[in-house]
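First the structure, in the form of structure tokens, and then the observations on it.
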Amino acid sequence: MSREPAVLFFLAVTVIWILAGQIRTWVAAHANCLHMGIAAPVTPVLGFYLMEKVYNPYLDRMEGKYIAGNLLWLACLFAVPYVVFAGKRIVMGMFVIGCLLFGLGNYYVSCFRGSPVMPSDLLAAATALQVAGGYVFQVPESVIKGVLCWYAWFALLCCLPKRSVANRWKGRAVASGLLAGICAGYLCQADIESRYELHLRYDNQWNINGVYQEKGSALGFTALAKNIRMARPDGYGTDMAVEILSANRRQAEEPAVIPTIVAIMDESFGDLRAVGDFQCSEEYLKHWYAVDDFLCRGSLYASVYGGTTANTEFEFLTGNSIGNLPMGIVPYQIYNMKHVGNLAGILQRAGFETTAIHPESKGNWNRMRVYENFGFRSFLGKDELGDMEYFRGRVSDQSSFAKVTERFENGTGRQFLFNITMQNHGGYEPEGMEAAPMIRLEEEQGRYSDVEVYLTGIRESDLAIDALIRYFRQVEEPVLLCIFGDHLPNVGAWMEETIGEREAAFTLEEKQRMYAVPYMIWANYDTPYQSCEMDTSANYLGAMLLNYAGIPGTAYTDFLLEMRKEVPVYNAFGYRTADGRWHTFDEETQVSGWIRDYRMVQYYEMFDKERKKEEQ
């Protein structure tokens, strides 16, 4: 829509709004017909249109059965408040506003993170607002059209006379209640995922955008929301889970050295060469790959891309996998973490002073409550850390690491320090980068400024990591250091060009490249282990760290170490066996028994009421 038609449209609607009183008088005699015959039926249709128009570039390709399914779903969702509440105009207006806001949320969240709004995001609104300032919100034509349509609808609603349903007729109240009950029952009981072939767990687990765009946002979001409740794995029993854990116990040995453990989850820390080869003006991870005395290093496969940091954190600290949970959730936001075993709790019981450090709001991702349940004795957020240095508007890695070393120096006894950084968080705009020489892509220079900004930030992280390792080299106290990324950045357009096809057509192996981030375990003291390079996943990393530190773990961490020998990589989208082949969860393989057992023992660790009673 060009500027002139948009302005004329806005002015015409404004005139209607100004004359709403006179128009309302003219239509007063036909209020019932206009409300029930036109406005009410049109409301869910308009809501669907606005929801999809601002977000879905493939709306014109959506099949009729999916359009009908979304309209039916929205009509039921609209009918309940419409028949229950008296203010009909308010209900119609609020419903359409809600649909528009959901569409806008899908559009912008997808731009920044690579996936649309999912159920857990509604509980993470405060976290989203905390980081929104780092993004540039562009307003494309689809958003302008959607907002103008909403504006026109709002003006037309003002022309309708008020209509409230009083209980003057008992039959009306009975009919309204019956309709609301039928709609509410349908909303709760309908098997959306099967009826509309959404296949969230297997075929589309990594492409929620594709589900929303092909089959509708309303159906996709509702199917995810209905799956939040964790069902018992097939054949599950408490005794069986306990037996599996007992069969994989390892012999505990007294460690010769008990080190301080420092774990750093570096925001968006990644090597884009995991996706494909490219040339740039300088090496951005020179110091990382120059370290030659590491204990273990390789690619760490996360379960998230472009955002949702808390899920990688959850996997690292607990050993649980997002792959064993319903799609589209953040466990920190949804589940009670009070009795969930985790790395901080294990180390706290072993006599460690446990501290979490995060140079942002402590309320993000519900961390304050989760960390208290996990066993962190201290949690230092931005309000407790004092003056910090910034890079691209975020606290720099160098400044964040300085707080780690400061806490290390001021601590007493054995310590577990867990640092979540913020420097390389999206969005990747060139503004504010004047202080750092930019890394340039040689072949695509200027086309992907977001990638160039990101690589420049990774070079600065590389320098900060090098300084941190050099610091710990010179301290006498034994220190075991683990550094890993939480996810790659959302630079989907560049990735599609690098791989050579649209994301929706990626094979499982190609898709998994988008989830590979670097990790390293390093020690400043002599250990009995040889340096090795191997890939793993976030759910194993905590157990591996305990093993390298020589600290006895739990039956669950022992199980993970044994399973890792057969299934070295396991994330939300599949697993890789020891022969290097990737598999989806619905494949029958020689290690399917491990997959089944993992789901059982994770359910036991997170949800089994009998286990929780024993702990109490």
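The values are calculated or read from the model by the stated rules, or taken from the named source; none is laboratory data. Quantities reported herein were computed from a predicted structural model and do not represent experimental measurements. Quick reminder, even Gly has a Cβ in these numbers, built from the backbone with ideal geometry, and neighbours come from all protein chains shown. Keep in mind that these areas ignore ligands, DNA and RNA; they rest on the heavy atoms of the full protein, side chains included. Shrake-Rupley method; radii C 1.70, N 1.55, O 1.52, S 1.80 Å.
Once you order the gyration tensor axes a ≥ b ≥ c over the Cα atoms, which shape class does the range 453-493 get: rounded for a/c under 1.5, otherwise prolate or oblate by comparing a/b with b/c? It is oblate, given that a/c is not under 1.5 and a/b is not larger than b/c. Each of the peptides 593-604, 477-488, 140-151, 459-470 was scored by the mean count of other Cβ atoms within 10 Å over its residues; in descending order, highest first, they stand as 477-488, 593-604, 459-470, 140-151. With 0.36 nm allotted per residue and the present C-alpha distance subtracted, the Thr238-Lys609 stretch has 132.6 nm of extension available. With Cα atoms defining each centre, the range 496-571 and the range 389-406 are spaced 26 Å apart in the structure. The convex hull built on the alpha-carbon positions of the range 539-595 has an orientation-averaged projected area of 4.0 nm². Given +1 at the Cβ of Lys and Arg, -1 at the Cβ of Asp and Glu and no other charges, the dipole of the range 238-284 around its Cα centre is 240 debye to the nearest 20. Of the GluC sites (Glu not before Pro) found in the range 519-616, the ones in coil according to DSSP and having at most 16 other Cβ atoms within 10 Å of their Cβ are Glu587, Glu588. Computed over protein heavy atoms with a 1.4 Å probe, the accessible surface of the range 420-478 works out to 44 Å² per residue.
Between the beta carbons of Phe154 and Tyr58, assuming R0 = 45 Å, the FRET efficiency works out to 0.95 to the nearest 0.05. Could you list, in their original order, any pairs among Lys65/Lys511; Lys286/Lys382; Lys338/Lys362 whose Cα atoms are separated by more than 23 Å? Exceeds cut-off: Lys65/Lys511; Lys286/Lys382.
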